[in-house]
Amino acid sequence: MGLLSTIFGILCGFLNSIFSLFAFGIGTSIGLVIGYYAFINALPTDVEDVKVCPLVAEDWETLQRLIPEIPLWVKNPDFDRVDWLNKFIENMWPYLDRAICATAKNIAKPIIDEQTPQYKIQSVEFETFTLGTIPPTFQGMKVYTTDDKELIMEPSIKWAGNPNIIIAVTAYGLKATIQVLDLQVFGIPRITLKPLVGIFPCFASIFVSLMNKPHVDFGLKLLGVDLMAIPGLYRFVQELIKDQVANMYLWPQALEVQIMDPEQALKRPLGILDVTVVKAVKLQRKDLLGKSDPYVKLNLREEKVAFKKTTVKRSNLNPEWNEEFSFVIKDPATQVLELRVYDWDQVGTHEEMGLNVVPLKDLTPDEPKVLTLVLLKTLNPNDPQNDKPRGQLVIELVYKPFKEDEMLDNIDDSGMMEKAPEGTPAGGGLLVIIVHEAQDLEGKYHTNPHVRLLFKGEERKTKRIKKNRDPRWDEEFQFRLEEPPTNDRLHVEVYSTSSRIGLLHSKESLGHVSINLVDVVHNRRVNEKYQLIDSRNGRVQIELQWRT
């Protein structure tokens, strides 16, 4: 009996525990449901809209302290967004990295070589020099407009980069390495481009100033030991760099980088030189049959402009041209007119028959002057080859200086557009094609390039230049037309011809392009570089003129 009573008691206790847990679960669930609906019903139904208050000065300063990385274009309406510039730098950074590092090495080398002897240092070498993979970021840019011929920009630059610069210093037979890494630079420089001029790149100098002390932070290891971890040294070095940079470049002081000679860049056109090539007398015989096909090239010496050229007079040792040309003059005291007579040849290089020069300082303004120039072999007065008679060239010159109210500020350096010569059809004109140069030509077998022009079934060719991937011709070709070539195209093809007789690949095309001539008719002059078809990187520069 006792055993049964014990078993019955245990069973009752177990059932009681089960029912208690079940009752707790049911009670808790019912309570949560009732509480949720009571909470929902207790919420107010008359909720007012949130009031938006403008930031006052104190609130704005607090926000700046809480979020210090707000771009300047958000905080200051004078700064413009330059996301396009950041995208450009991001794509260009691998190339900018190499270019900046190479330039920095070239600048630092002479300075290091000058300073090392006084400190008994044997050598200083860059073992590693890279600016890392993280480019700087422009957080805004302010641009100023002034009455002077200048452009002023203030970009906000932040750069937290990962450069790795390792410098090895050898002194007293011992070698130590210094590593610069984890560079941070924050600052707002002022970049001024001035003076603005009318020739590329359109400014003569770059001036860089700092509008405030920059934030500079970096890691510095000597023999593998982090020097910036030394107590007190980190702040001392940081403040020293800030003060030194500020003393040199804090506005109004500036770092000047000269792009071109300001005196040359600021030269304005002072006048026009009109040249008439009248005739030549008693020229040398160059052809086998005792005749020559002469023409004259004219240009201003040491000026990077295309030469001008007369027409070719076939089989004539006493040719008459009476052709007029004009040049823009910027410095009549130093500029010199150069004239060269050539014998035109359908095959091969045109042979020079003689030359001479005319210093413009010898001309009286507004006074026509007829000169008979003795053709020389060279411009060396002591050259015995100049004693051999080569003929004479007769020209007429007149220099017409501008008046003060006629000064030209924006005139093309290549000279004024000439009129078509006499005999040009009234409804037509003269199409002038100047083949300047080509770049990055790639021949599979050889690269001895010349240019072939095909227009209206007529073919013209430049001279061949041997073993040159970046040839320069500066050759001019002319076509007299009865009507404007608005519906015509010019076919340009660059060929390479082997210099060896009997070679299997004696001729190959280096690329071609077809140019629509409607633009030159409307604009009078077009000077562009064209990408060659069937060439990976080849380009050719063609200048087109339409003279009426």
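Screening Thr486 against (1) surrounded by 14 or more Cβ atoms within 10 Å (Cβ to Cβ); (2) without any contact (Cβ under 8 Å) to a residue 40 or more places away in the chain leaves a single unmet condition, (1). State yes or no: is Ala102 farther than 24 Å from Ser156 by Cα, open to solvent by less than 70 Å² (accessible area, probe 1.4 Å) and modelled with pLDDT of 80 or more? Yes: the conditions hold for Ala102. Looking only at residues of the range 440-458 that are of a type outside the set (A, V, I, L, M) and under 26 Å from Phe479 (Cβ atoms), we find that the one that is surrounded by the most Cβ atoms within 10 Å (Cβ to Cβ) is Pro449. Residues of the range 377-402 that are assigned to a helix (DSSP H, G or I) and touching a residue at least 24 places away in the same chain (Cβ under 8 Å): none at all.
Of all the listed residues (Gly161, Gly132), the sole one being on the phi > 0 side of the Ramachandran plot and either modelled with pLDDT under 85 or surrounded by 12 or more Cβ atoms within 10 Å (Cβ to Cβ) (or both) is Gly132.
If you go through the range 168-203 and pick out every residue that is over 27 Å from Phe79 (Cβ atoms), open to solvent by less than 40 Å² (accessible area, probe 1.4 Å) and not polar (S, T, N, Q), you end up with 7.
Candidates in the range 351-378 are the residues that are in contact with a helix residue (DSSP H, G or I) (Cβ under 8 Å, 6 or more places away or on another chain) and open to solvent by less than 80 Å² (accessible area, probe 1.4 Å); of these, the one that is farthest from Arg301 (Cα to Cα) is Leu376.
Picking from residues in the range 264-297 that are at pLDDT below 85, of a type in the set (Gly, Ala, Ser) and not in a loop (DSSP other than H, G, I, E, B), the one that is surrounded by the fewest Cβ atoms within 10 Å (Cβ to Cβ) is Ala265. Filter the range 470-483 for residues that are surrounded by fewer than 16 Cβ atoms within 10 Å (Cβ to Cβ) and either in contact with a Leu (Cβ under 8 Å, 6 or more places away or on another chain) or within 20 Å of Glu351 (Cα to Cα) (or both) and give the result. Across the range 470-483, the qualifying residues are Asp470, Arg472, Arg480.
In the set (1) over 22 Å from Val398 (Cβ atoms); (2) out of contact with any Gly (no Cβ under 9 Å at 6 or more places or on another chain); (3) of a type outside the set (Val, Ile, Thr); (4) at pLDDT 85 or above, the condition left unmet by Gly348 is number (4). Checking the conditions here, which among Val494, Val513, Val540, Val521 is touching a strand residue (DSSP E or B) at 6+ places or on another chain (Cβ under 7 Å), open to solvent by 20 Å² or more (accessible area, probe 1.4 Å) and of a type in the set (Val, Ile, Thr)? Criteria check complete, one pass: Val521. Pairs are defined by a Cβ separation below 6 Å, a sequence spacing of at least 6 or placement on different chains, a first member in the range 453-480 that is of a type outside the set (S, T, N, Q), and a second member that is surrounded by fewer than 14 Cβ atoms within 10 Å (Cβ to Cβ) and in a strand (DSSP E or B); the pairs so defined are Leu454/His491.
Only one entry of Leu371, Leu454, Leu441, Leu379 meets the criterion of being modelled with pLDDT of 85 or more and outside the structural domain of Leu532 (by the TED database), and that entry is Leu371. Would you mind stating whether Ile501 is open to solvent by 50 Å² or more (accessible area, probe 1.4 Å), of a type in the set (Val, Ile, Thr) and either at pLDDT below 85 or not assigned by the TED database to the domain that holds Tyr295 (or both)? So Ile501 passes the test.
The values are calculated or read from the model by the stated rules, or taken from the named source; none is laboratory data. What you are looking at is a predicted structure, and each value in this text was computed from that prediction instead of being measured. Note that we place each Cβ from the backbone using ideal geometry, even for glycine, and neighbour counts take in every protein chain shown. Please note that ligands, DNA and RNA were not included when accessible areas were found on the heavy atoms of the full protein model with its side chains. Shrake-Rupley method; radii C 1.70, N 1.55, O 1.52, S 1.80 Å.
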